[in-house]
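For reference, the structure discussed in these notes is given below.
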Amino acid sequence: MRVARAASIKRMSFQLFGLPVSRGFAIGRAVLVASSRVDVAHYFIGPDRVDAEIDRLRSSRDAVADELSTLQRDLPPEAPAELSALLDVHLMLLHDEALTGATKQWIRERHYNAEWALSAQLEVLARQFDEMEDEYLRERKADLEQVVERLLRAMARGPAASYAPAPGVKARDFAGEDPLVLVASDIAPADMLQFKRSVFMGFVTDVGGKTSHTAIVARSMDIPAVVGAREASRIIRQDDWVVIDGDAGIVVVDPSPIILEEYRFRQRQSELSRERLSRLRHTPAVTLDGERVELLANIEMPGDAVTALEAGAVGVGLFRSEFLFMNRGGELPSEDEQFEAYRSAVQAMKGLPVTIRTVDIGADKPIDRMSASELRHEHALNPALGLRAIRWSLSEPGMFRQQLRAILRASAYGKVRLLIPMVAHLSEVRLTLEALARAKQQLNEAGRAFTHVEVGAMIEVPAAALMLPAFLRHFDFVSIGTNDLIQYTLAIDRADEAVAHLYDPWHPAVLRLLSQTITGARAVGKSVCVCGEMAGDPMFTELLLGIGLRSFSMHPSQISSIKQRVLRADLRHWAAHVEHVLGADDPERACAAVQFATPTLSRELTGLQG
Ligand code: PEP
Ligand code: MG
């Protein structure tokens, strides 16, 4: 593309290494998105809208020019002369063809909406500023960013684009356009969610761990992704050709034709094997020795229920309701709005159970509404150990009862189960059950219909796993959140790539807590599910089956692979091996014990762990 390439120097192909979080291969042009600007809308405009979009850009430039001239004119006489000179610089940048002229070209040639085009061009120019020798000129980057912020704000104030971005429109829908991949330093889960039905074929971030919520959303989008690629967003340039190898965690920048051909081949192979696997969609998940296994789906939004059903899920094992609370400018969804969302998921599942988890806000999933003091805590202290999940819900009793009422009301339309995240204290259990009783009473008084809803606890803190018998007296079922159970057992921040090598599901302490929870729940006849990422990792399927797990909940895209493992598993064989695995005193031995029992399996072959 002319705009971005003008100042580019041809580089040799090179690789960056990160953590593989979502399998497959993506090949496309890099779209760099600065984390502060990820809330800029990214969508394609139809050819007939190009002129109108350029007009939006032009009007916002005129508005900002007025704004800056007025500011300059109204400067008090005692204002330092530098201020006026600074405004001159801003005005000059504003009218510089390198900014607005090139932005127009992004719109014309790529059909980006104006905001996206502007931020794409900002990335190009910012990089050029970074490379300048002269310190004074280098520092002008901040001025450019301020001018662009002004333009973006003016666009937000101005007449909105008169058309909605068509959901699911892909780059390839525009003849001659290249597929795009997203490159960012970091992407918050809420921002990631906005990209869910967007144009990107894959993504790379500098930071993040394999079970960070950003990675989880990427996996749910079923697009190849690599996180923790450290300097990726600094080294990769706007519009570079990039290959994302989501199996190995490798990013190839400016691939040579031969590398490109190799990856295109792998891409085709991986599509073929997916197609083959998808034929298992409607096959019941039964082991070789006849044990039926329940394969459920994890979803983030009600619309995902359709994907879950298509993938052959026999229910939803985890609806992460907190995603309904994000990207709302601080407003919480009302009871009715939540009810509609839950009802739509329940109805889409056509009588199959839907397990709705109450909000798990906090840690790497803050919401805009959090108070200043909460946010201060979020940033200054350790958010994963802070006001999160049920702790936050109990600190907002009105909000909590509202959510409980909405979930209960959805039970009138299908089978609903209620799941409570991150319980660690019996006092939390008592308060939760009291809130639930109160919510039911309020519904009864208002004459609102609801039916029996089973209540379960997530076991994701070692304290809960160790106190299981006491917890089980109050709950109908439990669901093991291995993502957090690993984080809290090993004291490893799941979103921190610096300690990602220590985040190990094979750690014997993790495996023993898991086993203890599964056998403990079964012993008293309560159902138990695993809904953390381990459930969707084929590396663990036989081990979990051998321990006694019969219910797995995962991203819909993983169901077929896990089903294939289930269909090939002989539980009598695996039950005999479990003891060796659990008896291992380090992660390598535990993993080796599983490999020994499955000679064809290698740890590297199965995406998630390593
Ligand atoms: C977990 O912790 O394993 C889990 C399923 O919950 P989340 O990933 O949303 O924290
Ligand atoms: Mg969790």
Given the candidates PHE596, GLY520, VAL217, the one whose Cα lies deepest towards the positive end of the charge dipole of the chain, counting +1 at each Lys or Arg C-beta and -1 at each Asp or Glu C-beta, is GLY520
How do 474-483, 348-357 rank on mean C-beta neighbours within 10 Å, highest first?
-> 474-483, 348-357
Tally up the carbon and sulfur contribution to the accessible surface of the chain as a whole percent, 1.4 Å probe, everything protein left in place.
-> 54 percent
Could you state the accessible area per residue of the chain in Å², with a 1.4 Å probe and every protein chain left in place?
-> 42 Å²
Bridge orientation stat for the stretch 235-366 from DSSP, antiparallel percent rounded to 5, came to 50 percent
Packing-ranked peptide list from 512-518, 129-135, 566-572, highest mean Cβ count within 10 angstrom first, is 512-518, 566-572, 129-135
Return the calculated 222 nm mean residue ellipticity for the chain, to the nearest 500 deg cm²/dmol, obtained by summing -39500 (n - 2.57) across DSSP H runs with n ≥ 4 and dividing by the residue count.
-> -13500 deg cm²/dmol
Inter-part gap, Cα centre of the stretch 522-591 to Cα centre of the stretch 237-302, in whole angstrom, is 21 Å
What does the charge count near ASP186 come to, summing +1 for each Lys or Arg and -1 for each Asp or Glu among other residues with Cβ under 11 Å from its Cβ?
-> -4
Could you calculate the contour length gain from GLN267 to PHE129, that is, 0.36 nm times the residue separation minus the distance between their Cα atoms, to one decimal place in nm?
-> 46.0 nm
Give me the angle, in degrees from 0 to 90, between the Cα long axis of helix 508-523 and the longest principal axis of the Cα atoms of the chain, rounded to the nearest 10.
-> 50 degrees
Proximal charge balance of GLN72 [Cβ under 12 Å; K/R count +1, D/E count -1] = -3
List ASP364, ASP62, ordered by accessible area with a 1.4 Å probe, largest first = ASP62, ASP364
Taking θ as phi - 60°, what are the ³J(HN,Hα) couplings along the stretch 541-552 by the Karplus curve (6.51, -1.76, 1.60), each to the nearest whole Hz, with x for Gly and Pro?
-> 4, 5, 4, 5, 4, x, 5, x, 6, 10, 9, 10
Per-selection Kirkwood Rh - the chain (Cα, Å, 1 d.p.) = 26.0 Å
What shape does the stretch 82-155 have by the C-alpha gyration tensor, where a ≥ b ≥ c are the square roots of the eigenvalues, rounded means a/c under 1.5, and otherwise prolate means a/b greater than b/c and oblate the rest?
-> oblate
Using alpha carbon centers only, the stretch 71-113 is separated from the stretch 385-409 by a whole-angstrom value of 46 Å
Give me the percent of DSSP beta bridges within the chain that run antiparallel, rounded to the nearest 5.
-> 35 percent
Work out, step by step, the length gained on full extension between LEU277 and GLU396: first 0.36 nm times the residue separation, then minus their alpha carbon distance; give nm to one decimal.
-> 38.4 nm
Quick one: net charge around ALA584, please, counting Lys, Arg +1 and Asp, Glu -1 for every other residue with C-beta under 13 Å from its C-beta.
-> -3
Virtual paramagnetic centre 7 Å along Cα→Cβ of SER334, amide N under 18 Å, in the stretch 380-410 = 398-410
Rounded to the nearest 10 Å², the accessible area of GLU533 at probe 1.4 Å = 10 Å²
Between GLU231 and ARG448, what is the FRET efficiency for a Förster distance of 56 Å, r being their Cβ-Cβ separation, to the nearest 0.05?
-> 0.55
Extreme residue, positive dipole direction of the stretch 431-476, given options ALA463, GLN441, HIS474 (C-beta unit charges) = GLN441
How many angstrom lie between the C-alpha centres of the stretch 495-520 and the stretch 339-358?
-> 30 Å
Quick one: putting +1 on the C-beta of Lys and Arg, -1 on the C-beta of Asp and Glu, what dipole do you get for the chain around its Cα centre, in Debye to the nearest 20?
-> 2400 debye
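The values are calculated or read from the model by the stated rules, or taken from the named source; none is laboratory data. From a predicted model like this one, the values you see are computed outputs, not experimental measurements. Glycine gets a Cβ as well: all are built from the backbone with ideal geometry, and neighbour counts include every protein chain shown. Please note that ligands, DNA and RNA were not included when accessible areas were found on the heavy atoms of the full protein model with its side chains. Shrake-Rupley method; radii C 1.70, N 1.55, O 1.52, S 1.80 Å.
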